[in-house]
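Asker: Mind having a look at this structure? Questions to follow.
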Amino acid sequence: MINKEIVKKIKHLRHKKGYNHEDMAEKLNITRSAYQRLESGDTYSWAKYLDEIMKTFETTPKEFFHDIGRTKTVNLTNYDSSTGYYVETLLQENKETTEKLIEQYEDRIKEIKDFYEQKIKDIEEQLEFWKSKSE
């Protein structure tokens, strides 16, 4: 998932700078098809070109990675289609992650509930046993 966030950010910054695939390939000294594979997220090849990517976008690794893997807050009042797509994708990923977490918590709650219900039954049986012995 982190790889996807990184390549989405690269794509977003490329659009922001007004560069196309050919421009980026030239700046990274690779072929256009190699750049397209980089931006597709199928590989981790962006790491090999990290220095050139940072120079191209005039940023530092610290600035570039500061929000990777974190929840994002976005102002939706004025955004272009690429930003809108980026936001929608993040919302969908967050929704899927949230649903998985809820499902895991519900499963765990059921396990705990079943455990304690069994303990209560065991105690009730023991009480009945000791009551019958005392009579």
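Asker: Could you derive backbone 3J(HN,Hα) for the stretch 119-135 from the dihedral phi with the Karplus parameters 6.51, -1.76 and 1.60 (θ = phi - 60°), listing whole Hz in sequence and x where the residue is Gly or Pro?
Answerer: Taking θ as phi minus 60°, the curve returns 4, 4, 4, 4, 5, 4, 5, 5, 4, 4, 4, 5, 5, 5, 6, 7, 7 Hz for the stretch 119-135.
Asker: For the stretch 1-70, I need the span (max minus min coordinate) of the C-alpha atoms along each principal axis, in Å, sorted largest to smallest.
Answerer: 31, 25, 20
Asker: Further question: Counting just the Cα atoms, what span does the stretch 1-42 cover along each of its three principal axes? Round to the nearest Å and put the largest first.
Answerer: Computed over the stretch 1-42, the largest-to-smallest principal extents equal 27, 21, 11 Å.
Asker: Can you put Phe57, Phe129 in order, fewest other beta carbons within 10 Å first?
Answerer: Phe129, Phe57
None of the figures in this text is laboratory data; all of them are computed from the coordinates on show. Remember, predicted model here, so these are calculated numbers, not experimental data. Because the Cβ atoms are built from the backbone with ideal geometry, glycine has one as well, and the counts that use them run over all protein chains shown.
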